[in-house]
Amino acid sequence: MVQAPSAADARAAAQSRVRLELLTELVRKDLKVKYKNSALGFIWSLANPLLYLAVFSLVFIKILKNGIPAFPVLFMSGFLVWNFFNLATLSGTGSVVGNANLVRKVRFPRVVLPLSSVGFAGVHFVLQLGVLLALLLVFYRDAFGAQLVLLVPALAVVVVFATAMALLSSALNVRFRDVEHLLEVILLAWFWLTPIVYPVTFIRDSLAGSSPWLFRLYMANPMTGVVTAMQRAIYVHPVTGGRQILPAGGYGFYLTWLGVGGAIALALLAAGLWTFRRLQADFAEEL
């Protein structure tokens, strides 16, 4: 005999449905505001990655001559996921402060504000990734193989990590307004400490002999594991012309560090949820 759901279960399901509907509406609102009165709409979101691609290709292919075959593929496979994390974190940080009037006047689950920023960044990432895959279908068909399975754990880790960062930083930014500005500086340094414009083997080979523990510390950065896994999923020639561009010999290296990054992301998510729930009662007064 099937037991009817209790009143508490029905109430929890209704609250979850309201949160999901509110989250969807906030993401839709952000997208409409972003491209309001814009003739090109979403195409503008491609301007940032294309500009970075043009500049870094010029510098690293023509000027510094890094000799990496298909460098644009290696770069874009890592840069797009970094762009998602960067946008989700920064927009999430200002999400509560930016909706101060709404927070002060209306009772609603505040947690949807940073989550909507992650959703907004996620929509951009999915569309940008779709454009990249369409280009790869024309210019780099080798990318479509079994290795694409690495996209699943890599994307799972970065979504959890970006959500954790957005929750934690949005709550702290209400009380300490310098958090948003400090995070901009940190993310700039973080970008260069993540193997996006250079292969991770460059760091590995540089530190292997003298300080192998530093390389393990470097890989403990969750975004390093995510970016290298994304690159391995799309850039399918880790060893080219006798030169090792990415760690070869199976997917164990990538899954191991994704596991480490995932554990760190989950711990940070727990800390972010706890911090947000503890501070949200004072949001209206702080704002």
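The values are calculated or read from the model by the stated rules, or taken from the named source; none is laboratory data. Please read all numbers here as calculations on a predicted model, not as lab measurements. Virtual Cβ from ideal backbone geometry, glycine too; neighbours counted across all protein chains shown. These area figures cover heavy atoms from the full protein model, side chains too; ligands, DNA and RNA do not enter into them. Shrake-Rupley method; radii C 1.70, N 1.55, O 1.52, S 1.80 Å.
Solvent-accessible surface of the chain, averaged per residue with a 1.4 angstrom probe and all protein chains in place: 52 square angstrom. Compute the distance from the alpha-carbon center of region 109-188 to that of region 52-87, in whole Å. Value for the Cα centre distance between the two parts: 18 Å.
In region 169-287, inverting the average of 1/r over every pair of distinct C-alpha atoms gives 16.6 Å as the Kirkwood radius. Using a 10 angstrom Cβ neighbour count of at most 16 plus a DSSP loop assignment to flag exposed trypsin sites (Lys or Arg not before Pro), which longest range of the chain is free of such sites? The reported range is 178-287. Computed from the C-beta positions of residue 282 and residue 188, the FRET efficiency with R₀ = 35 Å rounds to 0.70. Translational diffusion of region 116-208 was estimated from the Stokes-Einstein equation, with Rh taken as the Kirkwood radius over Cα pairs; at 20 °C and 1.002 mPa s the coefficient is 132 µm²/s.
Against the longest alpha carbon principal axis of the chain, how many degrees, from 0 to 90 and to the nearest 10, is the axis of helix 222-234 turned? For helix 222-234, the angle is close to 60 degrees. Result for the chain in a Gaussian network model with C-alpha springs under 10 Å: among 57, 95, 77, the largest mean-square fluctuation is at 57.
Computed from the C-beta positions of residue 274 and residue 202, the FRET efficiency with R₀ = 51 Å rounds to 0.85. Between the helical axis of 71-93 and the longest alpha-carbon principal axis of the chain there is an angle of about 20 degrees.
The angle separating the long axis of helix 178-192 from the principal Cα axis of greatest extent in the chain is about 20 degrees.
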